[in-house]
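Just so it is clear, none of the values below were taken in a lab; they were calculated from the coordinates. Bear in mind the structure is a predicted one, so any value in this text is a computation, not a measurement. All Cβ positions, even for glycine, are placed from backbone atoms using ideal geometry, and neighbour counts span all protein chains on display.
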């Protein structure tokens, strides 16, 4: 057990990532070694959402390896990487790995100079246990770990995955081309992966957003003129 007094706690400095606004609004001001669980049904935009998060992390100067246990080095992964501009614009920053065991991944990310971000797609292929996740977290304590999970409804499919989800700092549920976040770092504003489709499937949510935006616009328009500054300027 490690203990610290309040003075020591107050003096602690944490390395945070200043992500682009949309991701800061979604997952907050994250630590440089956060853990993340992502789950959602097939065809809801999960892979696209993950790749966009990776791009945001790489734009902060990090490097990532995407361990594809399901699709591997496949045409579908190639299509997704090309569609998101990763093949053309993130060469050297994002690596695609396949056919890896749990032990091989630990060894790979423990090497000096290894990438900063580990994406495992998906942990259900390994049948990863909470104990294995805690071991990975301990061994890769300076890495960002992103774990993709199979889902059943609105929750991860297996009990092990559910337990691992609760151990993660950031939880991202993908449904109807929307990312629904729960983050210990703040943010927690849902993000559209494909807004046109998301508006059709989550129209109540977007109706509330549109009404709120209209209300704010009207309030700004009707604001009193102060110190020579007019509301319509």
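Stick to Cα atoms and the Kirkwood definition of Rh, then tell me Rg/Rh for region 1-123.
1.02
So if R0 is 25 Å, what FRET efficiency would residue 126 and residue 95 give, r being the distance between their Cβ atoms, rounded to the nearest 0.05?
It comes out at approximately 0.85.
Suppose only helical runs count, i.e. DSSP H with n ≥ 4. What mean residue ellipticity at 222 nm does that imply for the chain under -39500 (n - 2.57) per run, divided by all residues and rounded to the nearest 500 deg cm²/dmol? Let's see the in-between values first.
Values: 11 runs with 97 residues, N = 233.
Result for the chain: -11500 deg cm²/dmol, rounded to the nearest 500.
To the nearest 10 degrees, how steeply does helix 46-58 sit against the main Cα axis of the chain, on a 0 to 90 scale?
Orientation of helix 46-58: about 90 degrees from the principal axis.
Rank the residues 120, 189, 22 as a footprinting-exposure proxy: fewest other Cβ atoms within 10 Å of their Cβ go first.
Placing the least packed residue first, the sequence is 22, 189, 120.
Which residue, 119, 105, 13, has the most motion in a Gaussian network model of the chain that connects Cα atoms within less than 10 Å?
Taking springs between Cα atoms under 10 Å, the residue moving most is 13.
For an R0 of 22 angstrom, estimate the FRET efficiency from the Cβ-Cβ distance between residue 7 and residue 134 and round to the nearest 0.05.
Efficiency at R0 = 22 Å is approximately 0.15.
Which one, 152, 51, 214, has the greatest fluctuation when you compute a Gaussian network model over the chain with C-alpha springs under 10 angstrom?
The residue with the greatest mean-square fluctuation here is 214.
Starting with the fewest neighbours, write out 201, 140 ranked by other beta-carbon atoms found within 10 Å of each beta-carbon.
Ranking 201, 140 by Cβ neighbours within 10 Å, fewest first, gives 201, 140.
Starting from the Cα-Cα distance between residue 167 and residue 42, subtract it from 0.36 nm times their residue separation and give me the gain in nm to one decimal.
Taking 0.36 nm per residue and subtracting the Cα distance, the gain is 42.6 nm.
Is region 28-96 rounded, prolate or oblate when judged by the Cα gyration tensor, a ≥ b ≥ c being the square roots of its eigenvalues, rounded requiring a/c under 1.5 and prolate requiring a/b larger than b/c?
Oblate, because a/c is 1.5 or more while a/b does not exceed b/c.
Give the distance, in whole Å, between the Cα centre of region 2-54 and the Cα centre of region 134-169.
Distance between centres, Cα-based: 14 Å.
For the residue pair residue 194 and residue 78, what label-to-label distance in nm results when each label sits 7 Å from Cα along the Cα-to-beta-carbon direction?
For residue 194 paired with residue 78, the spin-label model returns 2.2 nm.
For Cα extents along the principal axes in Å, the listed values are (i) 65, 52, 37; (ii) 61, 34, 34; (iii) 63, 43, 37; which was obtained by calculation from the structure presented?
Looking at Cα extents along the principal axes in Å for this model, the match is (i).
Once you sort the root eigenvalues of the Cα gyration tensor of region 171-219 as a ≥ b ≥ c, which label holds: rounded (a/c under 1.5), prolate (a/b larger than b/c) or oblate (the other case)?
It comes out oblate by the Cα gyration axes.
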